[in-house]
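The values are calculated or read from the model by the stated rules, or taken from the named source; none is laboratory data. Please read these numbers as outputs of a predicted model, since none were measured by experiment. Here the Cβ positions follow ideal geometry from the backbone for every residue, glycine too, while neighbour counts run over all protein chains shown. Just so you know, the surface numbers come from the protein's heavy atoms only, side chains and all, with ligands and any DNA or RNA stripped out. Shrake-Rupley method; radii C 1.70, N 1.55, O 1.52, S 1.80 Å.
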Amino acid sequence: MIPFDYRRATDARDAVTAVRDREGAVFLAGGTNLVDRMKLGVAAPRALVDVSRLPLDEVEALPGGGLRIGATVRNSDLAAHPAVRSDYPVLARALLSGASGQLRTLATTGGNLLQRTRCPYFQDLSTPCNKRDPGAGCSALGGHTRNHAILGASDHCVATHPSDMAVAMAALDAEVRVLGPDGPRTLPLTGLHRLPGGEPHRDTVLSPAELITAVDLPPLPAGTRSLYRKVRDRASFSFALVSVAAVLRVADGVVRDVRVALGGVAHKPWRARLAEDALRGGPATEEAFRHAAEAELADAEPLPGNAFKVPLARNAVVSALRALSREDR
């Protein structure tokens, strides 16, 4: 048993101060990822600051349209929220594609964004891992890489980000509201997570004492459709080999707006900017969708054992956009 202190925060500022003032302290919300890592010995915080009971559990309509999702809103509640189901089906489906029903009733919005990779080498203390122990090496290189990255990886890490929800939020141009020792700030969700580079132990741009308080979703223009598709080894409780969150608005056969994000392919939710640029203003045809997907994946660097992800990602993008472009879907 590794001892640790426990403190229940009284408000968001108290939580931030508690983590700032205690070396080795971390925030605890649903605990569906952190507690697992503690049991494995991958994480050994000196103190847990419980934020699960803070008044951050509401989904509110924003004055100009869109939604503000509190950081402690449970995944199951968010997936079932009427406004999410009607206006952001891509997010509802992504949430329901993640984990199991039992875990979704505990997992929180903020915690989901900050969960760490499920790379087996990261979770195995007997193997070197730069993400767990900077400078130790990456055991996945030369190892079993079926579930690993094909985009944005480095010689230091080829792990993938596990969140389904984050992929959908990336496609929705969500913004993350954060409170830290220097006050509040807002950043695009696409800027929250980092590619590994030479520092794979740093998953996000947040400092240890910065607390996610909410996520804002902008309104989608009338006529916009969205969906989430996840390709995995089994039908439930399995992480994505490849996933696609797609948002599409077509008028008169022309792509007026498109946003695509990929999961299971990179160290962070991968926003497919090249594909979007190739499609915007052009015809909404399967040929165009395929060319756009190929442009996005042109720089993919698959590893031995996961080259299948390149055609899988291409086909998943094409399938999702094709479905959204059909009037009778």
Using just the Cα positions, wrap segment 79-206 in a convex hull and report its mean projected area in square nanometres, one decimal place. 9.3 nm²
Could you give the longest part of the chain that holds none of the GluC sites (Glu not before Pro) found in DSSP loops with at most 14 neighbouring Cβ atoms within 10 Å? 59-326
Where does segment 171-287 land on Rg(C-alpha)/(2.2 N^0.38 Å)? 1.24
Of the candidates 43, 29, 75, the farthest towards the positive dipole end of segment 24-97 (Lys/Arg Cβ +1, Asp/Glu Cβ -1, centred on the Cα centre) is 43
The chain: calculated mean residue ellipticity at 222 nm from DSSP helix runs of at least 4, using -39500 (n - 2.57): -7500 deg cm²/dmol
Segment 66-117: radius of gyration over Cα atoms, expressed as a fraction of 2.2 N^0.38 Å: 1.05
Would you tally the net charge around residue 119, using a Cβ to Cβ cut-off of less than 10 Å, leaving residue 119 out, and scoring K and R as +1, D and E as -1? +3
Taking 1 over the mean of 1/r across every pair of different Cα atoms in the chain, what Kirkwood radius in Å do you get? 20.3 Å
Once every Cα of segment 228-329 carries one equal point scatterer and solvent is ignored, give the base-10 log of I(q)/I(0) from the Debye formula at q = 0.12, 0.17, 0.21 Å⁻¹, two decimals. -0.37, -0.72, -1.05
Per principal axis, descending, Cα span of segment 82-147 in whole Å: 47, 22, 20
Hydrophobic long helices for the chain, i.e. whole DSSP H runs reaching 20 angstrom or more by Cα along the axis with Kyte-Doolittle mean at least -0.5, come out as 309-325
Just need log10 I(q)/I(0) for segment 250-290 at q = 0.15, 0.19, 0.33 Å⁻¹, Debye formula, equal scatterers on the alpha-carbon atoms, no solvent, rounded to two decimals. -0.38, -0.56, -1.10
The percentage of Cα-Cα pairs in segment 174-226 separated by more than 17 Å is 48 percent
Segment 262-329: chymotrypsin sites (Phe, Trp or Tyr not before Pro) in DSSP loop, at most 11 other beta carbons within 10 Å: none
Segment 35-95, Cα convex hull volume normalised per residue, Å³: 119 Å³
Given N residues in segment 132-237, what is Rg(Cα) / (2.2 N^0.38 Å)? 1.28
Please report the orientation-averaged projected area of segment 119-170, defined via the convex hull of its C-alpha atoms, in nm². 4.0 nm²
Find the accessible area per residue for the chain; the probe is 1.4 Å, ligands and nucleic acids are left out, and the unit is Å². 44 Å²
Hey, what did segment 168-242 get for relative contact order, percent, Cα under 8 Å, at least 6 apart? 30 percent
Mean projection area, nm², convex hull over Cα of segment 197-244: 6.6 nm²
Order of exposure, largest accessible area first, which applies to 53, 271, 118 with probe 1.4 Å: 53, 118, 271
What is segment 71-142's relative contact order, in percent, from Cα pairs under 8 angstrom and six or more apart in sequence? 27 percent
Kirkwood Rh, Cα Rg: Rg to Rh for segment 1-80? 1.06
